[in-house]
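Only one structure is covered here, and it is reproduced in the block below.
The values are calculated or read from the model by the stated rules, or taken from the named source; none is laboratory data. Predicted model, so just to flag it, every value in this text is computed and none were measured. Cβ: placed from backbone, ideal geometry, glycine included. Neighbour counts: every protein chain shown. Protein only, heavy atoms only, side chains kept; ligands, DNA and RNA dropped before computing areas. Shrake-Rupley method; radii C 1.70, N 1.55, O 1.52, S 1.80 Å.
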Amino acid sequence: MSDTLEACVIGAGAAGLAAAITAAEQGVRVVVLERQARIGQSILKTGNGRCNLTNDAIGAALPLGTYRNQDFASNVLGRWDAAAVRAWFDERGLMTEADERGWVYPRTRMANSVLDVLRHRIAELDVELRCECQPEHVESAGEGFVLHLASGESLCSRAVILAHGGSRSVDIGGLSYQETAPILGPLGTDTAAIRGLDGVRVSAQLSLSRNERELFCEYGELLFRNYGLSGIVAFNLSRYARRGDHISIDLFPEDTEDGLAAFLGARRESLGGYDTQSFYDGMLHPRIGRLFRDSYANSHRLAHALKHWQVRMNAAPKPEQAQVLRGGYQVAAFRADRLEAYDYPGLFAAGECLDVDGPCGGYNLHWAWASGITAGYAAAAFSSSRFPSD
Ligand SMILES: Cc1cc2nc3c(=O)[nH]c(=O)nc-3n(C[C@H](O)[C@H](O)[C@H](O)COP(=O)(O)OP(=O)(O)OC[C@H]3O[C@@H](n4cnc5c(N)ncnc54)[C@H](O)[C@@H]3O)c2cc1C
């Protein structure tokens, strides 16, 4: 193949740009193909424009089940934990800082800064960018791959890195694929129990159960919508929820039910002649207080209601509201250490196109950077038929 490229990256999002920079830093000539008119547009939308790029909790003690397919992902995350990814960015000019939860942002709190740093490095390394270029089909041929573009042209490349994100926009014949489903977004629920609360924010503990088995329990920010539940804790719950599952909202997770009942009884006594609404004022959002008006007289009934407020999930997040598409290339088809397809030597994958996802807080972008860097090293080694000395 005389015109064969050394390494081709499909997709210029977080994973693709990290992969391209890494492979180019190893001395490989890299071409990035991006279907949009500009690179890195998905990065700009993250973290409400501030880009929560990693989380300091991603290290040796990462709790089991934080990531989907964590056994597979941990091969990459063990080497590229939060400290390593922050150092990678630091070396390339991006200053980062963590908030009190350990969520890491660029120091400027601007997603643009992340993209600027990646763009400068891409230019410095002479990585070739081809925008508005969309490979639709990749097939293995001879000593590499042929990429058939939407324009009708085709390209040949010795190594290919798939980094096209969550949607299945490229056809790779024999690679097994898990159909995608939107996660990390607002959930539809029955609305009778939360009527009138659209826009109300609280801190609460949400638990999810199916057939009386608890599948998820987390404390965090909850936002009521007229169709259901939003906010970070609801987004995280959406990774586990199915239609028909029970969601229980605990507004006082710091108290036992008996302790809360005793507190409510004492409050009623100390506030003496107050009416029902005044009893709730200063304790609950007024609109939530109104919903619990009928339970006011009985402290035990009210404590139970405030700790076991029940709604039923009836709709998954809409794709346009979800942060991540769960699913993608099945991880069993890839070597966990270098993200190379077992059946297609020279074909690598990184980021959301693999069936790995994490909760809110920088975990998904972290996976994109860490897997992109890993695939970039491996593709460079493959393309130049050597492996990194480290
Ligand atoms: C609103 C929003 C906010 C988010 N905030 C955060 C956050 O703060 N922290 C966090 O960790 N995660 C966040 N996420 C999730 C995070 O953005 C993704 O996990 C991450 O961008 C995945 O990176 P990726 O490179 O794998 O895919 P993408 O970022 O989706 O990039 C894929 C790229 O490939 C291109 N492409 C697709 N198909 C083709 C093709 N056939 N040919 C050429 N190009 C193609 C796309 O145009 C795109 O540029 C957020 C997501 C959303 C939607």
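Remarks
- Of all residues making up the range 11-37, the number that are outside any helix (DSSP H, G or I) and in contact with a strand residue (DSSP E or B) (Cβ under 6 Å, 6 or more places away or on another chain): 9
- Looking across the range 149-165, the residues that are surrounded by 22 or more Cβ atoms within 10 Å (Cβ to Cβ) and of a type outside the set (G, A, S) come down to V160, I161, L162, H164.
- From V138, V160, residue being over 18 Å from L17 (Cα atoms) and of a type outside the set (K, R): V138
- Residues in the range 31-59 that are over 24 Å from S157 (Cβ atoms) and more than 7 Å from the ligand (Cβ to nearest atom): L44, N48, G49, R50, T54, N55, D56, A57, I58, G59.
- Taking the listed residues G93, G65, G27, the one that is open to solvent by 20 Å² or more (accessible area, probe 1.4 Å) and in contact with a His (Cβ under 8 Å, 6 or more places away or on another chain) is G93, with no other qualifying.
- Filter pass, I10 being within 11 Å of the ligand (Cβ to nearest atom) and within 21 Å of L147 (Cβ to Cβ): yes
- Candidates R210, R201 - the one that is under 25 Å from the mean Cα position of the chain (by Cα), away from the ligand (no atom under 16 Å from the Cβ), closer than 30 Å to G282 by Cβ and not polar (S, T, N, Q): R201
- Of all residues in the range 329-352, those that are within 14 Å of the ligand (Cβ to nearest atom) and under 15 Å from V138 (Cα atoms) total 3.
- Cβ separations smaller than 7 Å between residues 6+ apart or across chains give no pair from the range 264-288 residues that are more than 25 Å from I194 (Cα to Cα) to residues that are open to solvent by 70 Å² or more (accessible area, probe 1.4 Å) and part of a helix (DSSP H, G or I).
- Wholly enclosed strands (runs of 3 or more DSSP E) of the range 83-178 bearing at least 3 residues in contact (Cβ under 8 Å) with a residue 40 or more places away in the chain and under 16 Å from V31 (Cβ atoms): 128-131, 144-149, 154-162
- Test: residue in the range 366-378 that is crowded, with 20+ Cβ neighbours inside 10 Å, more than 16 Å from the ligand (Cβ to nearest atom) and in a helix (DSSP H, G or I): yes
- Put simply, of V146, V170, V127 the only residue that is touching a helix residue (DSSP H, G or I) at 6+ places or on another chain (Cβ under 8 Å) and either assigned by TED's automatic domain parsing to the domain that holds C353 or open to solvent by less than 10 Å² (accessible area, probe 1.4 Å) (or both) is V127.
- Set A262, A297: member being aliphatic (A, V, I, L, M), open to solvent by 60 Å² or more (accessible area, probe 1.4 Å) and not in a helix (DSSP H, G or I): A297
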